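Chemist: Structure in structure tokens, see below.
Readers should treat all values here as calculations from the given coordinates under stated rules, not as data from a laboratory. All of these numbers come straight from a predicted model, not from anything done at the bench. Ideal geometry is used to build each Cβ from the backbone, glycine not excepted, and the neighbour counts take in all protein chains shown.
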Amino acid sequence: MQKTDVVFLSGQGNHELGLKILDELSELFGSRCQFDHITINKYPDGELDNRIVNHSKIKGKTVVLYQSVFSQEMLDEAIDLIWACKHQYGATYIIAVFPFLWNRRQDPMMTEDKKEKWSKKIVKQDEVQRLRKTIHLLSCCGVNELMVATPHSNAMENACIEYGIKFHEIDPSSLFATTIQTFVPHEDHHLIKIYAPDAGSIPRAVNLANLLHCPVLFNLKHRAINDKTSIVEEKIEERDNLVNEFRDYYKFQEIYYINPELVKNMIIIMIEDEVASGSTANDTGQMLQRLTAKSVFLLATHPVLTPGWRNKLFYCYPFTKIAMTNTIPRGYDKRTGGKIFDITVAPMFGASLFKILNRLQ
């Protein structure tokens, strides 16, 4: 595909990351890619009044819309722009580049997969399926392909399949592997074990373990109706069955149910899709410390960081280092004096977008 056949647009959600992704794409194309201008505005009563200045360029083109959708406002803005590009200005194809997607966790009854049993979720019958609704809206408004980093579960992809959107998961495992290899001395690499604190984290843990050539430890969590999580204490025979099931399902033999002997004097890498309040991550980190881990690292893709997160995540600080990506902006108000190491996902999104655009030619 020629660059002249593509229009790049960006909403307000983490525009800085969007620029970095276009820089990566520019390097791959060998010429400059840039966003067309959108005039950001609202009417006096608060209604959206964002306008695509050069809208006449859109007809018959592929539109790449970048937006990190970390709030309802960012979602509304993205849907507004997507609908206008497709149904008002005549875009033929729309690729939504959403490093983070709002409503990512509101997915009750979305899968028939074995992982639902392993995660021991309680289905919330009274909860609106807002993730599914969001994907449906994106489809109706004109999205053809969607790029998201580390979705919370396979429910997002399932909803995309249901509504005819081609889904692309951006996996930052290689970035996390490089980070760990940087912070852990080479002579200690044999002590590394990846820890999945629940069933949903196991595929991410396996991806990282394959890169670092180390084992995976896990336990299961129970999430109650009030969203309070607790570790499930499995009987020994049930643990053995789970280990065998996971090994078979993920085609990875070094998966073990966590116990003190497997943690003692080891370097434990805990991997999560996101950190919100930080409470669960802190509790788990302290548990690993009590099991006498040599050190504990926390890796998370999305820095959601809800109000009060510092007091919970850093309480009796159990981590050697925390690393998070920049899918959600973490401005000065969320800085930590070096306790969190920032990783950019721009190279991965740039490379994946390059492949998509080449495929469309």
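Chemist: Which net charge results when you count Lys and Arg as +1 and Asp and Glu as -1 among the other residues whose beta-carbon is under 14 Å from that of residue 49?
Modeler: Neighbour charge sum, excluding residue 49 itself: -4.
Chemist: Taking the Cα centroid of the stretch 247-312 and of the stretch 1-63, what is the distance between the two, rounded to the nearest whole Å?
Modeler: The stretch 247-312 and the stretch 1-63 have Cα centres separated by 38 Å.
Chemist: I need 94, 194, 161 ordered by Cβ neighbour count within 10 Å, fewest first.
Modeler: 161, 94, 194
Chemist: Does the stretch 138-214 come out rounded, prolate or oblate by the C-alpha gyration tensor, with a ≥ b ≥ c the root eigenvalues, rounded set by a/c under 1.5 and, if not, prolate when a/b is larger than b/c and oblate if not?
Modeler: prolate
Chemist: Compute the long axis of helix 236-250 from its Cα atoms, compare it with the longest principal axis of the Cα atoms of the chain, and write down the angle in degrees, 0 to 90, nearest 10.
Modeler: The answer is roughly 40 degrees.
Chemist: Next question, about the same structure. Ordered by residue, what ³J(HN,Hα) values in Hz, to whole numbers, does the stretch 26-39 give under the Karplus form 6.51 cos²θ - 1.76 cosθ + 1.60, where θ = phi - 60° and Gly and Pro are x?
Modeler: Each residue of the stretch 26-39 in turn: 4, 4, 6, 6, x, 7, 6, 9, 8, 6, 6, 6, 10, 7 Hz.
Chemist: On to the next question. Report the extension gain between residue 358 and residue 248 in nm, rounded to one decimal, defined as 0.36 nm multiplied by the number of residues separating them, less their alpha carbon distance.
Modeler: 36.0 nm
Chemist: What is the antiparallel percent of DSSP beta bridges lying wholly in the chain, to the nearest 5?
Modeler: About 10 percent, rounded to the nearest 5.
Chemist: Dipole magnitude of the stretch 173-343 about its Cα centre, charges +1 at Lys/Arg Cβ and -1 at Asp/Glu Cβ only, in debye to the nearest 20?
Modeler: 620
Chemist: Can you divide the C-alpha Rg of the chain by 2.2 N^0.38 Å and report the result to two decimal places?
Modeler: Ratio of Rg to 2.2 N^0.38 Å for the chain: 1.03.
Chemist: Binning at 5 angstrom from zero up to the longest distance, how are the C-alpha pair distances of the stretch 1-62 distributed in percent?
Modeler: Per 5 Å bin, starting at zero, the Cα-Cα P(r) for the stretch 1-62 comes out as 4, 15, 22, 21, 20, 9, 5, 3, 1 percent.
Chemist: What value, in deg cm²/dmol to 500, does the helix sum -39500 (n - 2.57) over DSSP H runs of n ≥ 4 give at 222 nm once divided by the residues of the chain?
Modeler: -10500 deg cm²/dmol
Chemist: Continuing with this model, one more query. Roughly how tilted is helix 202-212, in degrees to the nearest 10 and between 0 and 90, from the longest Cα axis of the chain?
Modeler: 80
Chemist: Return 257, 315 ranked ascending by Cβ neighbour count within 10 Å, so the fewest neighbours appear first.
Modeler: Starting with the residue having the fewest Cβ neighbours, the order is 315, 257.
Chemist: If you don't mind, another one. How big is the dipole moment of the stretch 36-75 about its Cα centre under a simple scheme where the beta carbon of each Lys and Arg is +1, that of each Asp and Glu is -1, and everything else is neutral? Debye, nearest 20, please.
Modeler: So the dipole magnitude of the stretch 36-75 works out to roughly 340 debye.
Chemist: Under a Cβ-only charge scheme (Lys and Arg +1, Asp and Glu -1), can you give me the dipole magnitude of the chain about the Cα centre, in debye to the nearest 20?
Modeler: So the magnitude is around 280 debye.
Chemist: Pairwise over distinct Cα atoms, reciprocal of the mean inverse distance: report the Kirkwood radius of the stretch 247-361 in Å, one decimal place.
Modeler: 16.1 Å is the Kirkwood radius here.
Chemist: While we're here: For the chain, the longest stretch holding no GluC sites (Glu not before Pro) located in a DSSP loop with at most 13 other Cβ atoms within 10 Å is which?
Modeler: Between exposed loop sites, the widest span is 234-361.
Chemist: Using the number of other C-beta atoms within 10 angstrom as an exposure proxy, rank 339, 193 with the fewest first.
Modeler: Ascending Cβ contact count within 10 Å gives the list 339, 193.
Chemist: Averaging sequence separations of C-alpha pairs under 8 Å and six or more residues apart, then dividing by the length of the chain, give the relative contact order as a whole percent.
Modeler: Over the chain, the number comes to 15 percent.
Chemist: Moving to a separate point now. Whole-Å semi-axes of the stretch 173-343's equivalent ellipsoid, largest first, each the root of 5 times a Cα gyration tensor eigenvalue?
Modeler: Result for the stretch 173-343: semi-axes of 25, 19, 15 Å.
Chemist: Take the residue pairs 294/339; 133/312; 42/166; 20/294; 321/355; 166/193 and return only those whose Cα atoms are more than 28 Å apart.
Modeler: Too far apart for the 28 Å limit: 133/312; 42/166; 20/294; 321/355; 166/193.
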